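These notes are about the structure you will find just below.
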Amino acid sequence: MRRMRVRAGSRGGYEILLGAGALDALGEVARGALHKRARKIVVVSDARVFPLYGARACGSLRAAGYDVAHCLAGGGERGKTLRTAERLLDFFAARGLERTDAVVALGGGVVGDVAGFAAAVHLRGVPVVQVPTTLLAQVDSSVGGKTGVNSRAGKNVIGAFHQPAAVIADTTTLGTLPRRELTAGWCEAIKQGAVGDRKLFERTRDFLGANDAGGGRRDDALADLIARQCAFKARVVAADERESVDRAGALSRRVLNFGHTVGHALDGMIAAAEISKRLGTLAASELESLRRAVALAGRLPPAGDLDADEILRAAAADKKSTGGELQWVLLEEIGRASIVGGRDIAPRVLRAGVRAALKFVG
């Protein structure tokens, strides 16, 4: 079992507990992280995860003396809406959840985002304990306090920074994930190394080269790699907790948006790297290294039928614009990223980069 601390939030930080069987320590961790007057906990999960892990989570909390209820919030990204958040808020109110009580988010990134957002606004903020059960959530979304829901204006446009009281990542939950979910998580792990830590990138690539990304080894090496990924994310969050628009250095939280400008549906990392190469900031050998690592993560969704111009038009409305200008996270080398204003990139370069990425995954 591994423990680390994230130096962020109003309480001076929070603990991440990571390893096989960590879920069984949920009640104990909650007792150490929550207010001593906490009595009630609502576990928010979904219809896929709760039948697998709900009994263990609720049992551990009840053994620690909590009054526990649960509520399901499913539907994937399409269900991550204000309507879902409102339903959770109604449930919190009906249960009489007070400011010293807490919410536990048991599931992947969608559950963590919407449960965290509801916790952030209920009574102007109640604690949330994140219990991520997907690889993507364990290495990224559960750490850092970003919560939110989607709207007609875009993905995660409505949200709040609400740091968790604790994070518990049980690596055995990864054994029930479909291959596509594992691929998404490994792509995120590759991304974190690519933008800020070359050794982490190489460790992730080497692990994937030695293990099946779709099944993976559920052993100490896996837990160690996830712990290193969490440690990297924790360093970035500690340095730039609220993603300041005035910060652009190596520990700017904005560099974690690498690939997100093009989109989450295809692997936007390749598009951003292709643009970097065409601007002359990234060597061809570095681009090829990234492409090989992404290929090891697993099969990406087909994207050959997508239109580059349509993607760029959609990107123009991205919430990461500053002063009306879209911000691109590009690579200088593996392990070092920079933020470049869209006006400094010729449209033909953007189109060429996106088209090359579409062919890569297509």
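Quick one: grab the alpha carbon gyration tensor of region 43-93, order the square roots of its eigenvalues as a ≥ b ≥ c, and give me rounded if a/c is under 1.5, else prolate or oblate depending on whether a/b is larger than b/c.
Numbers: a/c = 4.29, a/b = 1.54, b/c = 2.77.
Oblate is the answer for region 43-93, as a/c is 1.5 or above yet b/c matches or exceeds a/b.
Note down the relative contact order for region 110-226 as a percent, whole number, built from C-alpha pairs under 8 angstrom at least six residues apart. Could you put the intermediate results ahead of the total?
Details: 165 pairs, mean separation 28.6, N = 117.
Taking the mean separation of contacting Cα pairs over the length of region 110-226, I get 24 percent.
Taking R0 as 51 Å, what's the FRET efficiency between GLU98 and LYS199 from their Cβ-Cβ distance, rounded to 0.05?
Numbers: r = 45 Å, r/R0 = 0.88.
Efficiency, from the Cβ-Cβ distance: 0.70.
How long are the semi-axes of the ellipsoid equivalent to region 110-213, from square roots of 5 times the Cα gyration tensor eigenvalues, in whole Å, largest first?
Numbers: eigenvalues 151, 44, 35 Å².
Each semi-axis is the square root of five times an eigenvalue, giving 27, 15, 13 Å.
Pull out the extension gain between ARG291 and GLU28, defined as 0.36 nm times the separation in residues minus the alpha carbon to alpha carbon distance; nm, one decimal.
Values: separation 263, 0.36 × 263 = 94.68 nm, distance 4.25 nm.
Between ARG291 and GLU28, full extension yields 90.4 nm more.
What would the Debye formula give as log10 I(q)/I(0) at q = 0.07, 0.09, 0.11, 0.12 Å⁻¹ for the alpha-carbon point model of the chain, no solvent?
-0.29, -0.48, -0.72, -0.85
Could you calculate the contour length gain from ASP305 to ARG37, that is, 0.36 nm times the residue separation minus the distance between their Cα atoms, to one decimal place in nm?
Values: separation 268, 0.36 × 268 = 96.48 nm, distance 5.57 nm.
In short, 90.9 nm is gained.
At what distance in nm do the modelled label points of ARG78 and SER151 sit from each other, each positioned 7 Å from its Cα along Cα→Cβ?
According to this spin-label approximation, the distance is 2.2 nm.
Which ordering of VAL354, VAL236, VAL68 is given by a fewest-first count of other beta-carbon atoms within 10 Å?
VAL68, VAL236, VAL354
Just the number, please: Stokes-Einstein D of region 151-281 in µm²/s, Kirkwood Rh from C-alpha pairs, 4 °C, 1.567 mPa s. All intermediate terms of the calculation are to be shown ahead of the outcome.
Details: Rh = 16.4 Å.
The calculation lands on 79 µm²/s.
Helix 50-63 versus the longest principal axis of the chain: what is the Cα-based angle in degrees, 0 to 90, to the nearest 10?
The angle comes out at about 50 degrees.
Between region 95-157 and region 1-59, how many Å separate their Cα centres?
13 Å
Let me make sure I get this right: for region 1-143, a, b and c are the square roots of the gyration tensor eigenvalues over alpha carbons, sorted descending. Under 1.5 in a/c it's rounded, otherwise prolate if a/b > b/c, else oblate. Which is it? Intermediate values should be presented prior to the final figure.
Details: a/c = 1.28, a/b = 1.11, b/c = 1.15.
Rounded shape, in that the Cα axes give a/c under 1.5.
For the cross-link pairs LYS155/LYS233; LYS155/LYS359; LYS146/LYS359; LYS80/LYS199, which exceed 30 Å when the distance is taken from alpha carbon to alpha carbon?
Values: LYS155/LYS233 21 Å; LYS155/LYS359 25 Å; LYS146/LYS359 32 Å; LYS80/LYS199 35 Å.
The pairs that break the limit, which is 30 Å between Cα atoms, are LYS146/LYS359; LYS80/LYS199.
Take each of the peptides 117-129, 341-353, 101-113, 143-155, average the number of other beta-carbon atoms within 10 Å over its residues, and list them starting from the highest.
Peptide ranking by packing, descending: 101-113, 117-129, 143-155, 341-353.
Just grab the label-to-label distance for ALA314 and ALA248, each label 7 Å out from Cα along the Cβ direction, in nm (one decimal).
Placing both labels 7 Å beyond Cα along the Cβ direction yields 2.8 nm.
Taking 0.36 nm per residue of separation and subtracting the Cα-Cα distance, what length does fully extending LYS359 through ARG56 add? List each step's numbers first, then the result.
On the way: separation 303, 0.36 × 303 = 109.08 nm, distance 4.43 nm.
Result: 104.7 nm gained on full extension.
Using a/c under 1.5 as the rounded threshold, could you call region 179-361 rounded, prolate or oblate? The axes a ≥ b ≥ c are square roots of the C-alpha gyration tensor eigenvalues, and prolate needs a/b larger than b/c, oblate otherwise.
Values: a/c = 1.81, a/b = 1.27, b/c = 1.43.
It is oblate, given that a/c is not under 1.5 and a/b is not larger than b/c.
Here, each number is a calculation from the coordinates, and none is a lab measurement. As the structure is a prediction and not an experimental result, all values here were calculated from the model. Cβ sites come from the backbone with ideal geometry, for glycine too, and all protein chains shown count toward neighbours.
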